[in-house]
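Below is one structure, written out as structure tokens; comments come after it.
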Amino acid sequence: MANSMKSTEQLIVEKHTASLHQGFHLWPELKNGKLPALGDHRWTADLILSTWVQAETGKPPSNGLEHRVGNSGGGFDVLDFKFLPEDRRLSNDVAVDLSIPLNRRPYDRQIEIPIPFYGAGMSFGSISEQVMCARAKAAQAWKTFTCTGEGGYPDSLLAYKDHVITQVATGMFGVREETIQRAPIVEFKYAQGAKPGLGGHLLGDKVTSSVASMRESLPWVSLFSPFPFHSVYSVEDHKKHVDWIKTINPEALISVKVSTPTDIDMVAVGSYYAGAHIVYIDGSYGGTGAAPEIAKKTIAMPIEFAIPKVHRYLLQEGIRQEVVVMAGGGIRTAYDLAKAIALGADGVVLGTSELVALGCTRCSNCERGRGCPFGLTTTDPELSQLVEIDWGAERLGNLYRSFQWQLSDLLRSLGLTSIRDLVGRTDLLIYRGRAGAR
Amino acid sequence: MISPETIAKILASRKSLIPEGAGHLTPRKAEAEGGCAVIGIASSERIPGRHLFQALEQMRNRGNGKGGGIAAVGLVPEDLGVTREILENDYLLAIAYLETSARSEVERSCIEPTFEIHHAQALPSTNDSRILERLDVKPPEVFLYFGRVRPEAIEGFKQRNGLEAAVAPPTSPESIEDEIVYQNSYRLNRAFYASTGEKRAFVLSHGKNMLVLKMVGYGDDVIRYYQLENTRAHVWIGHHRYPTKGKVWHPGGAHPFVGLHEALVHNGDFANYASICEYLAQRNIYPLFLTDTEVSVLLFDLFHRTYAYPLEYVIESLAPTTERDFALLPEERQSIYQRLQTVHIHGSPDGPWFFLIAQSSPAQGEYRLIGITDTSMLRPQVFALQEGPVSVGFAASEKQAIDAALESLAREDPRFWLHADRYWNARGGSHTDGGAFIFTVHANGNGHAKLQCTDKFGRAVRSGAQQKPYDGRATAVRTDMALPDVPVDELFAWVKEQLSGWDYGNLLAFLKALERAADSGNDRKRALEAVTLLMDRRYPTGAMRRSSLLSLFDQSLGVIVESVRRSPSEAYVFVDNCSPVPSPSGQAQTVVLDARGFAAEGERSLARKIVWLYQRGFRDFMLAHVKGHRFIANGLGAGTQGVHIDVYGSSGDYLASGIDGAEVVVHGDAQDQLAQIMKDGTLVVYGSVGQTFLYAGKGGHAFVLGNAAGRPLINAVGRPRVIINGTCLDYLAESFMAGDPLDGGGFVVLNGIALSDQGEVVELDTPYPGGNLFSLASGGAIYIRDPHGKVSEEQLNGGQFSPLEEHDWAVIHPFLEENARLFGIPVAWLLEVDGKPSLPSQVYRKIHPRAIGALQPEEAWVKMHV
């Protein structure tokens, strides 16, 4: 369309988008050095910039940008792998299987994904519909999943419905029988690592008319979902809750998303016995586009502690082989991903890293409606146009491809041909202590 | 007067139970308790254990088979092979032997030195392989020992602990004996169960005229395994456990746990187990079985036996009255409760919980069933009372379990009938009833006993039913009563007129006539509608008791359903769990679905069958004989206008959740989690509803004749339009977000009235008793019928009152008219105050959200630019 036909608004969006995309390309080239104010110890400037490179090229950076670890001084950042000496590693033509099952019980629908990760729930309201569709489109292309989060199931996701997990959270916003019936997997969100003990908290300025319409609430009024399911105050209530979903959609797999309190092990067992296929533990480093400042990142157990706790406990209980443990909350790189699996998870859930791939710089203004300069965690009608669905899907696909490549390489360097053989292999991890991982 | 010194001495005497000191003991639960099913029955006549079967079987979905147990109190001497003196005076020491070889050691070291045993026997158990096959873990062998503490042991204890001069309670001779028995059992448990090494034996119970049995299995299997089908008792409690940790299961972890003369079962999970353990440790009490339930009964025992508190104070110490309810207490009570709370609040359990206690006091000839609920009302509980030649009281996790027990009793004994006179919920920590109810059997020793129900404050709770119930023996039932040939509304009116002059015989004759008409096929519709109207409506019943009538109507309905089974017709298709299903004929057809035999949930459930039938084209359903079946009307999907479901019987949880256009009518009370996320359609309940009614509801219309329990309409959005004629426990419409009722949004009308058994409309004491009305709501409104201004500002939390205006009345009036049509509660009556007709604005008040100041500038800016 000729520029003269476009509205001022469209022109502004186009120009702004073009600048942003140019920035995403230029900054990682480091011609002007690293941006001094970019990043923090968890998501360092290097990690942010190298995620942009992966999202653009489908491969990790080759100019020295650190793309494996951050600088937090703990957790994944002080763990390394015991790679085999170069001559003993498997060669590049050895096939490596990165697939994981999402149901390890001998009954119910068997679903497998070819890569060991899927996208975390981010609600319509906390992020834009465009970002949701971009994520869904990438999930469809890669035969994995994304998740609706707590804000309802926009019609625009219907085209991708075989790859969309529907979330049933404590406020049950947008939950209807049809959103449960069309989903291959239903995820109960009991809690979220970034704000355990609190429910969702979507501030008023993100509750646009369309968000309110989806949730059937009032525009511009803050939405608080309760911290518990009011119908679930005891484990037999949870079982009843699972049975409820199964009555509506007997085929769906059930995932239970919990945060990481000290008795996370008992929670995992209880979920198993209530019929869950997936236990999804969400650690404290997760992000949130819908929480007040005071709650973010100050509570719950880091995921690096929670994973082995759950893994070992389920082994002890004799049920580990029937549970799929997914870990999320601060998984940044392919190396974090692999370390999470080595600690005992079956797979990983990606949240922030997907947004970084779409241009997020971790400025932490997510909860304000007109806060996200990249049009990601916003439902503002103008700002959300900064992300075009096909562009977003391509960026995410590239990131997945880069992860796929790195995971295969990593497994070969450990002498393994399947990601499933990495589960719980803490013997392949070294603790680097203060020195940090190399 | 109980002296603190003697209490201190008693508590000090327990130091010897942990000779090595308690430093190494860490208060950490062995298993997560989580969930459970509980049922309790108290009867003025001793009833056999088999009457718990149906109730416990129907609640198996609340447990996982890893623990179950029962307690029986007020037994029959002959059933245990002892004399009455022994049963009433001796301690009944029931020991579970996990290892047969432990017995001689236990007897030698723990029983003989302390007790003079008058009678001992092995408790028989079944050889039935069908039962044995089901059990993962072999249940323990149980021995019963009847005895008294040896005088030397009593003297020795008194001297060692400086209690020589003690005579008054808690140090009367009896209570010293009690304390010795407690300590002896503790030592036994410690030596043979709780210490490291093999678990060999433990004490099931040691109270007088009380027996506890438990194992790794379901509660009903405990009755079968130990052959208690014919064992009779005044009070029974039964339990299924749902523990979630541990691969190896032990019977010692199952409920009930015992204090001294009481057994306790529990549904819930404490958040402050460690704090309670600390509190008990300060009194030299150290739990051995490491579960919530054990510490609950240890607390009860401490307050009841050691501190000798009256029951009211025991309850207060466990469930302290706080906030608005505290403020509404009379001053003397406040002063005492304040002191109790100061001392005991750190020992008070925090978290969802509901206790059922079976208590024995043979010296007073009293046996009790006590139900205590937590002050946040987080667990479901239903109480019920039936008063007749035999009176029986119930408390349970689900109403359908109570109905199952009544059905079992009524089947064998015409002095019981299918419906209780009253069903109610408790509001935990309330100033009105204390959230606790007690059924006391006063047995005078010669076989005649009376049952009395009281609340925490000792106020009597009566069924209120004066008429004689139906005793199963009607005189001269005519078989030729002619029914007037009029439409059903007129027929119903005719019956109502006759009722004041009828006896049960006449009524049965009428019902028989209806059944005959239904049988012939021509008149089936009218017959069904007539019985339904009789069940649903309230009207004067003359000399007959309503609950008896309901039981007879139930039976009549059953006969009519049977006739449909035998001779289905064009209009009525019959389906049960084994019949082949015809295809829809394309004409208007009603599927009569016999719920018996369908599972309560899962693939083979009643709910999935309804979905299946709907997918095949059926639209009109009549569900009969529902017994706790869950998820009725769930799974039908979007756009179900035109679907109609009538529900008869005891429906289960989640009924009508997620419906999107269907019409569901419940002919009786309903349970918990009804209409969750309901989108559109109509729900009518001719009774009360339970917990979290319409949680996250999004639309549709709902009409409830009776009350709602805790948290109705919580987190509801969109446009639900609801009328609750009664009241709620508390937390009505918390976080309501349903827009503007005057502009297509949602609302709740709360009438605060009750429709009596005789059809009279009465105002309740207050339209809303709780302290959290419309909390944190940001949309929608409540229209509360409060002509006397009883509801105050302090009961709101983020809402505000405003007067009812014309446009409000225009919105709610049509719903009140529909309410009148459904339930017979005239709008004119609702608009009367003290007998005088008044304006709507003088009767109804509006509660709506207070504008959130902080967001207003933002809202204004956005509105400018959107």
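Being part of a strand (DSSP E or B), more than 14 Å from every other protein chain (Cβ to nearest Cβ), touching a Lys or Arg at 6+ places or on another chain (Cβ under 7 Å) and surrounded by fewer than 22 Cβ atoms within 10 Å (Cβ to Cβ): is that true of B:Glu45 here? No; evaluated as a whole, the condition is false for this residue.
If we keep just the residues of the range A:178-227 that are among the aromatic types (Phe, Trp, Tyr) and not in a strand (DSSP E or B), which is modelled with the lowest pLDDT? Top of the filtered list is A:Phe227. All conditions in (1) assigned to a strand (DSSP E or B); (2) at positive phi hold for B:Ser360, with the sole exception of (2).
The set of residues in the range B:408-463 being over 28 Å from B:Met377 (Cα atoms) and of a type in the set (D, E, K, R) consists of B:Arg411, B:Glu412, B:Asp413, B:Arg415, B:Lys450.
Scan the range A:258-277 for residues that are of a type in the set (A, V, I, L, M), at the interface with another protein chain (Cβ under 7 Å from one of its Cβ atoms) and open to solvent by less than 10 Å² (accessible area, probe 1.4 Å) and jot them down.
Hit for the range A:258-277 is A:Val269, nothing else.
Restricting the search to the range B:409-454, which residues are of a type in the set (S, T, N, Q) and assigned to a strand (DSSP E or B)? B:Thr440, B:Gln452, B:Thr454, listed by residue number.
Determine whether B:Asn707 is open to solvent by less than 10 Å² (accessible area, probe 1.4 Å), closer than 30 Å to B:Leu534 by Cα, away from chain A (no Cβ under 14 Å) and not hydrophobic (A, V, I, L, M, F, W, C).
Taking the combined requirement at face value, the residue does not satisfy it.
Within the range B:378-433, if we keep just the residues that are open to solvent by less than 30 Å² (accessible area, probe 1.4 Å), of a type in the set (A, V, I, L, M) and closer than 15 Å to B:Tyr470 by Cβ, the residue that is farthest from the other protein chains (Cβ to nearest Cβ) turns out to be B:Val390. Do we find that B:Tyr286 is free of Cβ contacts under 8 Å to residues at least 60 places away in the same chain, open to solvent by 10 Å² or more (accessible area, probe 1.4 Å) and not in a helix (DSSP H, G or I) in this structure? Here the answer is no, as B:Tyr286 does not meet what is asked. When the range B:537-551 is filtered for residues that are touching a helix residue (DSSP H, G or I) at 6+ places or on another chain (Cβ under 8 Å) and assigned to a helix (DSSP H, G or I), the ones remaining, listed by number, are B:Ser548, B:Leu549, B:Leu550, B:Ser551.
For the range B:438-457, the tally of residues that are in contact with a helix residue (DSSP H, G or I) (Cβ under 8 Å, 6 or more places away or on another chain) and open to solvent by 50 Å² or more (accessible area, probe 1.4 Å) stands at 0. Go through the residues of the range A:220-227 one by one and say whether even a single one is under 22 Å from A:Glu178 (Cβ atoms), free of Cβ contacts under 8 Å to residues at least 40 places away in the same chain and within 7 Å of chain B (Cβ to nearest Cβ). No, the range A:220-227 contains no residue that is under 22 Å from A:Glu178 (Cβ atoms), free of Cβ contacts under 8 Å to residues at least 40 places away in the same chain and within 7 Å of chain B (Cβ to nearest Cβ).
Scanning the range B:290-329 for residues that are surrounded by 21 or more Cβ atoms within 10 Å (Cβ to Cβ), small (Gly, Ala, Ser) and either at positive phi or touching a Pro at 6+ places or on another chain (Cβ under 9 Å) (or both) returns B:Ser296, B:Ala319. Any residue in the range B:248-260 that is within 14 Å of chain A (Cβ to nearest Cβ), open to solvent by 10 Å² or more (accessible area, probe 1.4 Å) and farther than 29 Å from B:Leu385 by Cα? Yes: the range B:248-260 contains one or more residues that are within 14 Å of chain A (Cβ to nearest Cβ), open to solvent by 10 Å² or more (accessible area, probe 1.4 Å) and farther than 29 Å from B:Leu385 by Cα.
The set of residues in the range A:239-257 that are open to solvent by 10 Å² or more (accessible area, probe 1.4 Å) and either outside any loop (DSSP other than H, G, I, E, B) or more than 7 Å from every other protein chain (Cβ to nearest Cβ) (or both) comprises A:Lys239, A:Asp243, A:Lys246, A:Asn249, A:Glu251.
Of the numbered criteria (1) open to solvent by less than 10 Å² (accessible area, probe 1.4 Å); (2) touching an Asp or Glu at 6+ places or on another chain (Cβ under 7 Å), the one A:Lys206 fails is (2).
Does B:Ala153 meet the test of being open to solvent by 20 Å² or more (accessible area, probe 1.4 Å), touching a helix residue (DSSP H, G or I) at 6+ places or on another chain (Cβ under 7 Å) and touching a residue at least 24 places away in the same chain (Cβ under 8 Å)? Against the criterion (open to solvent by 20 Å² or more (accessible area, probe 1.4 Å), touching a helix residue (DSSP H, G or I) at 6+ places or on another chain (Cβ under 7 Å) and touching a residue at least 24 places away in the same chain (Cβ under 8 Å)), B:Ala153 qualifies. Residues of the range A:209-224 that are within 18 Å of B:Glu734 (Cα to Cα) and either buried (at least 24 other Cβ atoms within 10 Å of the Cβ) or not small (Gly, Ala, Ser) (or both): A:Arg215, A:Glu216, A:Ser217, A:Leu218, A:Val221, A:Leu223, A:Phe224. For the structure I just gave you, tell me whether B:Gly718 is under 23 Å from B:Ser397 (Cβ atoms) and open to solvent by 10 Å² or more (accessible area, probe 1.4 Å). Taking the combined requirement at face value, the residue does not satisfy it. Screening A:Val232 with (1) within 7 Å of another protein chain (Cβ to nearest Cβ); (2) under 17 Å from A:Val256 (Cα atoms) gives one miss only, at (1).
Scanning the range B:778-800 for residues that are hydrophobic (A, V, I, L, M, F, W, C) and out of contact with any helix residue (DSSP H, G or I) (no Cβ under 7 Å at 6 or more places or on another chain) returns B:Ile782, B:Ile784, B:Val791, B:Leu796.
The set of residues from the range A:22-58 being closer than 12 Å to A:Gly359 by Cβ and open to solvent by 20 Å² or more (accessible area, probe 1.4 Å) comprises A:Gln22, A:His25, A:Trp27, A:Glu56. Scanning the range B:61-79 for residues that are open to solvent by 30 Å² or more (accessible area, probe 1.4 Å) and either without any contact (Cβ under 8 Å) to a residue 60 or more places away in the chain or farther than 20 Å from B:Gly252 by Cα (or both) returns B:Glu78, B:Asp79. If you go through the range B:517-525 one residue at a time, do you hit one that is at pLDDT 95 or above, on the phi < 0 side of the Ramachandran plot, in a helix (DSSP H, G or I) and in contact with a helix residue (DSSP H, G or I) (Cβ under 7 Å, 6 or more places away or on another chain)? Within the range B:517-525 (the criterion being at pLDDT 95 or above, on the phi < 0 side of the Ramachandran plot, in a helix (DSSP H, G or I) and in contact with a helix residue (DSSP H, G or I) (Cβ under 7 Å, 6 or more places away or on another chain)), the answer is no, since none of the residues qualifies. Here A:Thr288 fulfils each of the conditions (1) at pLDDT below 95; (2) open to solvent by 30 Å² or more (accessible area, probe 1.4 Å); (3) hydroxyl-bearing (Ser, Thr, Tyr) apart from (2). Can you work out which of the residues in the range B:88-114 that are assigned to a loop (DSSP other than H, G, I, E, B) and farther than 24 Å from B:Ile70 by Cα is most open to solvent (accessible area, probe 1.4 Å)? In this case the residue turns out to be B:Glu112. Within the bounds of the range A:147-166, is there any residue that is in a loop (DSSP other than H, G, I, E, B), crowded, with 23+ Cβ neighbours inside 10 Å and away from chain B (no Cβ under 14 Å)? Yes, that holds for at least one residue.
The values are calculated or read from the model by the stated rules, or taken from the named source; none is laboratory data. Worth saying up front: this structure is predicted, and the values here are computed from it rather than measured. A quick note on method: Cβ atoms are made from the backbone with ideal geometry, for glycine too, and the neighbour counts reach across all protein chains shown. What goes into the accessible areas is simple: the full protein's heavy atoms, side chains included, and nothing from ligands, DNA or RNA. Shrake-Rupley method; radii C 1.70, N 1.55, O 1.52, S 1.80 Å.
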